[in-house]
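All remarks here apply to the structure that follows.
The values are calculated or read from the model by the stated rules, or taken from the named source; none is laboratory data. Computed from a predicted model, the values in this text were never measured in an experiment. Cβ: placed from backbone, ideal geometry, glycine included. Neighbour counts: every protein chain shown. Side chains included, ligands, DNA and RNA excluded: accessible areas come from the protein's heavy atoms. Shrake-Rupley method; radii C 1.70, N 1.55, O 1.52, S 1.80 Å.
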Amino acid sequence: MAGSSGGRPSIYPTLLYTDAKTAIRQLTEAFGFTELSVYEGEDGSVMHAELTQGNGAVMVGSKGRGGVFDAAMQGAGTTGVYVVVDDVDAHHRHAVDHGAEILMPPTDQDYGSRDYMARDLEGNVWSFGTYAPETTL
C-alpha cells in the first residue's frame, strides 16, 4: 500500500484560504506548525504550501487561484483537523498567547484524551490533543 512506510504521512488534509499567507503565519506562530515549503504565484498567491506538525502535515493554498482542486472546493465550507500534541496545556497557552480563538479549553475526555479546540482566522476548527490511536492493522 502506498504511503504505508518510509516515515511519510499518507494522508494530508488540504485547506484553501482567502488569505493563505496570514493562515500560514497563524498556523506556525499560534499552533506550532513548521513551514516546510511555500510556492507562490506571480501575483503573490500561495499556489502550494506544506506545514508539518510532529509526523503529520497539511497542505495549504490560496482560494481563487484556478485549477481543478480550486474549482472543486469552490463554495466548500470550513473543515476540522485533529492534531496530536505532547503537552496540551502548554500548546493551549501558546495559542492563547498568540490570540487564537479558543472554542474549548483543555478538557479531559471520557476516552482518555486531553484536548482543546480552536478556530483559525477563516473558520476552520483545529483540535489539539493526546489521542493517537494505533493505525497498524
Subject >> Between helix 88-97 and the chain: long-axis angle, C-alpha atoms, 0 to 90°, nearest 10 >> reply: 50 degrees
**OP:** Order the following by accessible area, largest value first: Thr18, Thr130. Probe radius 1.4 Å; ligands, DNA and RNA are ignored.
**Re:** Thr18, Thr130
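Just for the chain, what percent of DSSP beta bridges are antiparallel, to the closest 5? Let's see the in-between values first.
Working: 21 of 30 bridges.
If we restrict to bridges inside the chain, about 70 percent are antiparallel.
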Original post:
Once both axes come from the Cα atoms, what is the angle between helix 20-29 and the longest principal axis of the chain, in degrees from 0 to 90, rounded to 10?
Top reply: 30 degrees
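Rounded if a/c is under 1.5, else prolate if a/b beats b/c, else oblate: with a ≥ b ≥ c from the C-alpha gyration tensor eigenvalues square-rooted, which is the chain? Before the final figure, lay out the partial values.
Numbers: a/c = 1.88, a/b = 1.32, b/c = 1.42.
Here the chain falls in the oblate category.
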Original post:
Between Thr22 and Thr130, what is the label-to-label distance in nm when each label sits 7 Å out along the Cα-to-Cβ direction?
Top reply: 3.5 nm
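Please work out how much length the chain gains when fully extended from Thr34 to Asp108, using 0.36 nm per residue of separation minus the C-alpha to C-alpha distance, in nm with one decimal.
Working: separation 74, 0.36 × 74 = 26.64 nm, distance 2.68 nm.
Contour length minus Cα-Cα distance gives 24.0 nm.
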Original post:
Leaving out ligands, DNA and RNA, what percent of the accessible area of the chain is carbon and sulfur, probe 1.4 Å?
Top reply: 51 percent
Subject >> Heavy atoms of Tyr39: accessible area, 1.4 Å probe, square angstrom to 10 >> reply: 130 Å²
Original post:
So what's the net charge close to Asp120: Lys and Arg +1, Asp and Glu -1, counting the other residues with Cβ under 15 Å from its Cβ?
Top reply: 0
